[in-house]
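S.K.: Attaching a single structure in structure tokens format; questions to follow.
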């Protein structure tokens with residue numbers, strides 16, 4: 001390997017590290033909001049940072065059950081529901097989300113919890 005090859009490899013590594021680090025170091029001051037949709041309708045939207053509560057409950061299945069979100073350390077997650085309402089529990093296994101564009105989806109209950117606002121790591125989300 002020649003000296004020019006080493007310089008080229010070092011340059012490529014520096015550019016790669018810079019491209020990886022830049023979006024993580026430069027964050028927007030725009031607030032991030034939690035948007036909760038049930039059956040395609042927005043039932044709540046609140047700021048992720050300091051919403052004023054630790055848990056947020058909302059009705060599902062036409063009012064016969066409730067689902068609960070936990071908001072902690074600028075992150076949100078779905079608390080596990082009884083198996084008769086959410087048999088697989090995939091929504092609660094998603095864990096905490098904290099970046100714009102991330103979502104939690106509960107298909108049996110038609111719930112979508114998404115983070116909107118701020119700077120997203122995505123250029124476009126197609127629907």
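The values are calculated or read from the model by the stated rules, or taken from the named source; none is laboratory data. None of these values were measured; they are calculated from a predicted model. Positions of Cβ are generated from backbone atoms using ideal geometry, with glycine treated the same way; all protein chains shown enter the neighbour counts.
S.K.: Can you tell me how many residues in the range 32-48 are in contact (Cβ under 8 Å) with a residue 24 or more places away in the chain and loosely packed, with under 11 Cβ neighbours inside 10 Å?
M.R.: Total meeting the criteria: 1.
S.K.: Ok, one more. Looking at this structure, is residue 17 assigned to a helix (DSSP H, G or I), over 16 Å from the mean Cα position of the chain (by Cα), at pLDDT 90 or above and surrounded by 11 or more Cβ atoms within 10 Å (Cβ to Cβ)?
M.R.: no
S.K.: Got at least one residue in the range 50-70 being touching a helix residue (DSSP H, G or I) at 6+ places or on another chain (Cβ under 9 Å), at negative phi and without any contact (Cβ under 8 Å) to a residue 40 or more places away in the chain?
M.R.: Checking the range 50-70: not a single residue is touching a helix residue (DSSP H, G or I) at 6+ places or on another chain (Cβ under 9 Å), at negative phi and without any contact (Cβ under 8 Å) to a residue 40 or more places away in the chain.
S.K.: Now, a different point. Cβ-Cβ under 7 Å, sequence separation 6+ or interchain: first residue in the range 88-101 and at positive phi, partner assigned to a loop (DSSP other than H, G, I, E, B) and at pLDDT 90 or above. Which pairs?
M.R.: Qualifying pairs under 7 Å: 89/80.
S.K.: Can you pull out the residues in the range 27-44 that are out of contact with any strand residue (DSSP E or B) (no Cβ under 7 Å at 6 or more places or on another chain) and either in a loop (DSSP other than H, G, I, E, B) or at pLDDT below 85 (or both)?
M.R.: Result: 27, 28, 29, 39, 40.
S.K.: Taking the conditions exactly as written (surrounded by 13 or more Cβ atoms within 10 Å (Cβ to Cβ) and either at pLDDT below 85 or under 15 Å from residue 117 (Cα atoms) (or both)), does residue 51 satisfy them or not?
M.R.: yes
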